[in-house]
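Okay, structure first, notes after.
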Amino acid sequence: MKIDGKVALITGASEGIGAACAAELARAGARLSLAARSQPGLERAAPAGALVTAGDLALAETRRRVVERTMERFGAIDILVNNAGVGSYVPSWCAPMEDARRLMELNFFAPLEMVQLVAPHMRARGQGTIVNVSSIGGKMTLPWATLYSASKYALGSLTEGLRMELRRDGIKTMLVCPAFVKTGFQQHVLGGTAPADVIRGRRFAITAGECALAIRRGLERDARTVLPPRAGWLLVALARLFPAAMEARLAAMNGTA
Ligand SMILES: NC(=O)c1ccc[n+]([C@@H]2O[C@H](COP(=O)([O-])OP(=O)(O)OC[C@H]3O[C@@H](n4cnc5c(N)ncnc54)[C@H](OP(=O)(O)O)[C@@H]3O)[C@@H](O)[C@H]2O)c1
């Protein structure tokens with residue numbers, strides 16, 4: 001896909017990967033609509049001419065407002081980047097159900113409803129790309145973030161299903177599964193703390209800018225899945241080939257072996 005001139009709606013764009021995506025897609029010539037809760041954060045992240053809409057994407061009303069404002073301003077949405085998301089380090093067996101529902105609401109139901117609001121416009125024009133930001137935790141279950149992994153597995157399955165459902169309509173989907181990215185993500189979780197081994201893993205993290213560049217390049221080559229950094233594929237392959245050994249290693253990192 002040629003990004004120049006396209007309209008991109010990015011959620012979770014006030015900081016982290018979403019803000020870096022805004023900068024990267026603006027450099028590629030996209031016109032931007034950015035959404036998140038923090039108005040000041042969005043204004044800091046917004047390149048000149050970008051539309052910003054502040055609001056909680058866990059609420060259906062915000063999702064509708066973001067799409068309506070984008071259509072009013074630009075008349076089309078070519079790229080939808082469902083990036084807003086949150087984690088939790090509380091074990092799934094004792095996590096408050098309210099938190100589990102909040103996590104699924106933002107990580108799964110918000111992207112789903114954004115797709116339902118945007119897809120009719122894309123179908124009418126016979127083109128569009130839906131980018132869903134999952135995680136390497138959506139390819140292999142991380143025991144320190146089981147609920148988060150479950151939400152990202154669901155998002156991955158949705159992304160693959162949508163690709164097949166919308167194939168005839170000229171709409172593409174791309175799944176993004178970053179490994180470790182240096183952002184405020186760990187500080188923003190709904191609860192719990194990451195095990196020490198996971199915090200130490202931060203030294204292997206890529207920057208949000210590197211992740212955004214991988215997303216831009218994925219869009220340019222119409223990729224189905226991008227997993228930045230690419231070394232993450234090795235971990236996913238090992239988890240598929242040697243599931244018991246990988247589970248034992250991850251449980252040890254979690255301190256539950
Ligand atoms: N960082 C990593 O290592 C990593 C790895 C794999 C996947 N990911 C995924 O990448 C995506 C972005 O994460 P990040 O690392 O950039 O995290 P981040 O720095 O915490 O940024 C999260 C973004 O989502 C927005 N957001 C959070 N809750 C929201 C809500 N209820 N309504 C609207 N916007 C909301 C935040 O803005 P406001 O606070 O202003 O609302 C912020 O812009 C997430 O889906 C995450 O799961 C991250």
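When the residues of the range 18-49 are filtered to those that are in contact (Cβ under 8 Å) with a residue 24 or more places away in the chain and assigned to a loop (DSSP other than H, G, I, E, B), the one that is surrounded by the most Cβ atoms within 10 Å (Cβ to Cβ) is ALA30. For the range 50-71, the set of residues classified as within 13 Å of the ligand (Cβ to nearest atom) and touching a residue at least 12 places away in the same chain (Cβ under 8 Å) consists of VAL52, THR53, ALA54, GLY55, ASP56, LEU57, ALA58, ALA60, THR62, ARG63, ARG65, VAL66, listed by residue number.
For the range 94-112, indicate whether the set of residues that are more than 11 Å from the ligand (Cβ to nearest atom) and either in contact with a Pro (Cβ under 7 Å, 6 or more places away or on another chain) or closer than 17 Å to VAL176 by Cβ (or both) is non-empty. The answer is yes; a qualifying residue exists. Here the condition is being in contact (Cβ under 8 Å) with a residue 60 or more places away in the chain and either more than 12 Å from the ligand (Cβ to nearest atom) or in a helix (DSSP H, G or I) (or both); of GLY137, GLY156, GLY192, it holds for GLY192 alone.
Of the residues that make up the range 92-103, is at least one out of contact with any strand residue (DSSP E or B) (no Cβ under 9 Å at 6 or more places or on another chain), of a type in the set (Phe, Trp, Tyr) and buried (at least 21 other Cβ atoms within 10 Å of the Cβ)? Looking through the range 92-103, none of the residues is out of contact with any strand residue (DSSP E or B) (no Cβ under 9 Å at 6 or more places or on another chain), of a type in the set (Phe, Trp, Tyr) and buried (at least 21 other Cβ atoms within 10 Å of the Cβ).
Here TYR89 fulfils each of the conditions (1) away from the ligand (no atom under 12 Å from the Cβ); (2) part of a helix (DSSP H, G or I); (3) over 16 Å from the mean Cα position of the chain (by Cα) apart from (2).
Read-outs throughout are calculated quantities, based only on the coordinates presented, and are distinct from any laboratory measurement. Predicted model only: the values in this text are computed from it and were never measured. Cβ coordinates were reconstructed from backbone atoms using ideal geometry, including for glycine residues, and neighbour counts include every protein chain displayed.
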